Amino acid sequence: MRKVAMCFSLLQFPRYRIHALANSWWETFPILNRRAGITSSFKVLGSGNYGPQGRQYRRYSRQIITMKTEGRKKDSLSSKGNIKDEILEEALSTNLNTHKSSVADVERTQVLDIRKMIAENKELAKLVSFIVFDIETTGFSRTEDRIIEIALQDLAGGKNSTFQTLVNPKCYVPNSHVHGISTHMVNKPDVPRMEELIPILLQYIKSRQKPGGFVVLIAHNARNFDVPFLAGEFSRCSYKIPPDWLFVDSLPLAREAMKSKGFKGALKLSLQALGETFKIPLKGSAHRALADVQMLSLIFQKITFELKLSGSSIIEKYSFSDLELRNSKKKKSSS
């Protein structure tokens with residue numbers, strides 16, 4: 001068992017930069033909060049009075065998080081010609097595989113139950129929190145490269161609806177020409193490493209989750225890039241993606257929306273191209289997580305309006321889980 005003392009008053013640290021945004025939502029999108037609002041300083045499980053640049057005037061609260069990692073322990077067995085030991089070892093291995101299979105079946109059932117419940121009762125879609133997210137990385141390899149920036153925005157808007165931070169990858173950043181994030185910017189003591197960030201990220205998303213509801217995380221090219229990267233970082237830090245998280249890839253939705261508008265041939269489906277199509281100006285630098293999240297938040301509302309999609313239909317037809325994604329990749333690799 002590891003105990004980590006963490007300050008949840010994020011503005012105490014300059015590494016967690018929370019930006020104030022003006023949110024405006026399309027009236028026709030059924031899930032979104034129809035009130036436009038301004039986000040304010042973000043605090044999780046902490047309190048304090050803050051001045052300009054998030055300076056704290058009184059001491060922050062501190063809480064101990066207990067993170068427990070458990071695993072099955074197997075006594076080492078002697079294999080010096082002892083048939084009993086070999087049989088016992090095989091039985092233990094079989095039981096472990098059966099246990100893993102049972103866990104996978106339970107997780108799969110949970111995902112199907114979420115969709116089934118929403119399909120049977122459309123009102124449950126109102127309990128779903130739709131959160132747009134984006135990541136920047138050191139490259140395209142899911143095994144070798146690392147996340148160096150993450151941003152999220154709750155489509156419901158309101159207070160604390162936006163979260164953004166750089167991430168310390170503990171390695172060289174070779175592609176700063178793409179996103180403008182240099183090695184010097186992220187490899188610093190005041191920039192959180194992923195193992196430090198995940199508990200805070202989990203708590204932030206939980207704070208946006210409605211009581212008894214679920215979370216749908218939306219990203220552009222989520223299926224092939226953002227979700228595998230995020231799941232890989234969680235796994236390296238001994239965490240699992242929560243079973244009540246679903247994901248939606250906005251890329252195929254954008255493709256359908258463009259075709260419905262009469263666009264033919266090779267479609268330009270990058271965020272920048274879609275922004276030009278829908279006349280949505282870019283705020284900030286392209287290929288920075290926060291700017292891309294702001295852009296996608298508006299684009300997603302546009303394309304779901306074009307396709308006349310409700311919140312329940314988005315979940316039923318287009319959502320997927322981390323487990324489903326991993327299983328589909330295993331099938332492809334085995335075939």
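Which value, in Å², gives the accessible area per residue of segment 251-335 when a 1.4 Å probe is used on the protein heavy atoms? Before the final figure, lay out the partial values.
On the way: 4440 Å² over 85 residues.
Ligands and nucleic acids excluded, the result is 52 Å² per residue.
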For this session: Name the long-range amide H neighbours of L246: under 5 Å, sequence gap of 5 or more, or other chain; modelled H, no Pro or chain starts.
Result: V215, V216, L217
Exercise. What is the Cα centroid distance between segment 244-286 and segment 166-182, reported in whole angstrom?
Worked result: 26
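Which entries in K261/K317; K159/K206; K268/K330; K210/K317; K259/K317; K261/K330 show an alpha-carbon gap greater than 25 Å?
Numbers: K261/K317 20 Å; K159/K206 14 Å; K268/K330 30 Å; K210/K317 22 Å; K259/K317 18 Å; K261/K330 36 Å.
Where the Cα-Cα span goes over 25 Å, the pairs concerned are K268/K330; K261/K330.
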Exercise. Say a paramagnetic label sat at a point 7 Å from the Cα of E195, along Cα to Cβ; which residues of segment 125-166 have their backbone N under 16 Å from it?
Worked result: 147
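Which shape class, rounded, prolate or oblate, goes with segment 171-238 when its Cα gyration tensor gives a ≥ b ≥ c as root eigenvalues, a/c under 1.5 marks rounded, and past that a/b bigger than b/c marks prolate?
On the way: a/c = 2.20, a/b = 1.56, b/c = 1.41.
Taking the square roots of the gyration eigenvalues as a ≥ b ≥ c, segment 171-238 is prolate.
Calculate, for K240 and L267, the FRET efficiency according to 1/(1 + (r/R0)^6) with r their C-beta to C-beta distance and R0 25 Å; round to the nearest 0.05. Show your work: numbers first, answer last.
Details: r = 36 Å, r/R0 = 1.42.
It comes to 0.10.
Sort segment 160-305 into rounded, prolate or oblate with this rule: let a ≥ b ≥ c be the square roots of the eigenvalues of the Cα gyration tensor; rounded if a/c is under 1.5, and if a/c is not under 1.5, prolate when a/b is larger than b/c, oblate otherwise.
Values: a/c = 2.01, a/b = 1.35, b/c = 1.49.
Cα axes put segment 160-305 in the oblate bin.
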For this session: Within segment 216-239, which residues have the backbone N less than 20 Å from the label spot 7 Å out from S333 along Cα→beta-carbon, could you tell me?
Result: 222-239
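Answer rounded, prolate or oblate for segment 238-292, using the Cα gyration tensor with square roots of eigenvalues a ≥ b ≥ c: rounded when a/c is under 1.5, else prolate when a/b is larger than b/c, else oblate. Each step should come with its number before you reach the end.
Working: a/c = 3.09, a/b = 1.46, b/c = 2.12.
Verdict is oblate for segment 238-292.
Between S141 and L282, what is 0.36 nm times their sequence separation minus the Cα-Cα distance? Round to one decimal in nm. Kindly include the intermediate steps, with their values, before the conclusion.
Working: separation 141, 0.36 × 141 = 50.76 nm, distance 2.73 nm.
Using 0.36 nm per residue and subtracting the Cα-Cα distance, I get 48.0 nm.
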Exercise. Where does each of V186, V178 land when they are ordered by accessible area, with a 1.4 Å probe and the largest first?
Worked result: V178, V186
Exercise. Taking R0 as 25 Å, what's the FRET efficiency between D113 and K159 from their Cβ-Cβ distance, rounded to 0.05?
Worked result: 0.20
For this session: Sort 291-297, 246-252, 199-205 for me by packing, meaning the mean count of neighbouring Cβ atoms within 10 Å per residue, highest on top.
Result: 291-297, 246-252, 199-205
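The values are calculated or read from the model by the stated rules, or taken from the named source; none is laboratory data. No experiment lies behind these values; they were computed from the predicted model shown. Heads up, the Cβs are rebuilt from the backbone with ideal geometry, glycines too, and the neighbour counts pull from every protein chain shown. Side chains are part of the model used for accessible areas, which takes the heavy atoms of the whole protein and leaves out ligands, DNA and RNA. Shrake-Rupley method; radii C 1.70, N 1.55, O 1.52, S 1.80 Å.
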